[in-house]
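Colleague: Dropping the structure in here first, questions after.
The values are calculated or read from the model by the stated rules, or taken from the named source; none is laboratory data. The model shown is predicted, which means the values in this text are computed figures rather than measured ones. A quick note on method: Cβ atoms are made from the backbone with ideal geometry, for glycine too, and the neighbour counts reach across all protein chains shown. Each accessible area value is taken on the protein alone, full model and side chains, heavy atoms only, with ligands, DNA and RNA left out. Shrake-Rupley method; radii C 1.70, N 1.55, O 1.52, S 1.80 Å.
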Amino acid sequence: MRRVAISGAGVVSPLGNSLQEFHRSLAEARAGIPSLPAEIAQGSGVKVGGLVDWRPAALFKEAEAANLDRVSQFGLAAGGEAIAARGLELAGAQRERAGVYWGTGMGGAHTLEASFKTVYGAA
């Protein structure tokens, strides 16, 4: 049996984009899946949803952000938070032995849709 050490955590979610914000939101019993604003819900039939307040310019150069799906940006931000919080410096053999557990419901759907439109010429 192999041993695993969980050395850090990072969060990008409707309840906050850091572990500290996330914990504060939980302590305040804040709803992460509220009613959607009319301009977002209009015509979709969807009335509730989890919206992430995300500003990629805080972490990525414009060209980097343009080449990364939004959910990939979330993963990199959360992973960076986890590494920074523990002061880890992953180099050499450590880098080869490190891993990430990442949970997402359907990350990358926007990129997938855009790719289909490109391939099949749909507008």
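Colleague: Top mean-square fluctuation among Ser44, Ser72, Ser25, Gaussian network model of the chain, C-alpha springs under 10 Å?
Modeller: Maximum among the listed residues: Ser44.
Colleague: Here's another thing I want to ask about it. Just the number please: accessible area per residue for the chain, 1.4 Å probe, all protein chains included, in Å².
Modeller: Ligands and nucleic acids excluded, the figure is 80 Å² per residue.
Colleague: Additional query: Express in Å², to the nearest 10, the accessible area of Val48 obtained by rolling a 1.4 Å probe over the protein heavy atoms while all chains stay in place.
Modeller: 80
Colleague: Let me ask you something else. Give a residue-ordered list of calculated ³J(HN,Hα) values for the stretch 92-98 (Karplus: 6.51 cos²θ - 1.76 cosθ + 1.60, θ = phi - 60°; whole Hz; x for Gly, Pro).
Modeller: Running phi through 6.51 cos²θ - 1.76 cosθ + 1.60 with θ = phi - 60° gives x, 4, 4, 4, 6, 9, 7 Hz.
Colleague: Continuing with this model, one more query. Compute the Rg/Rh shape ratio of the chain: radius of gyration over Kirkwood radius, all on alpha-carbon atoms.
Modeller: Rg/Rh for the chain comes to 1.03.
Colleague: Just flag the trypsin sites (Lys or Arg not before Pro) in the stretch 5-77 sitting in loop per DSSP whose Cβ has no more than 11 other Cβ atoms within 10 Å.
Modeller: For trypsin sites (Lys or Arg not before Pro) across the stretch 5-77 that sit outside H, G, I, E and B with at most 11 neighbouring Cβ atoms in 10 Å, the list reads Lys47, Lys61.
Colleague: Sticking with this structure for a sec: Taking 25 Å as R0, compute the FRET efficiency from the Cβ-Cβ separation of His23 and Ala63 and round it to 0.05.
Modeller: 0.15
Colleague: Relative contact order for the chain: what is it in percent, counting Cα pairs under 8 Å that are at least 6 residues apart?
Modeller: Relative contact order comes out at 28 percent.
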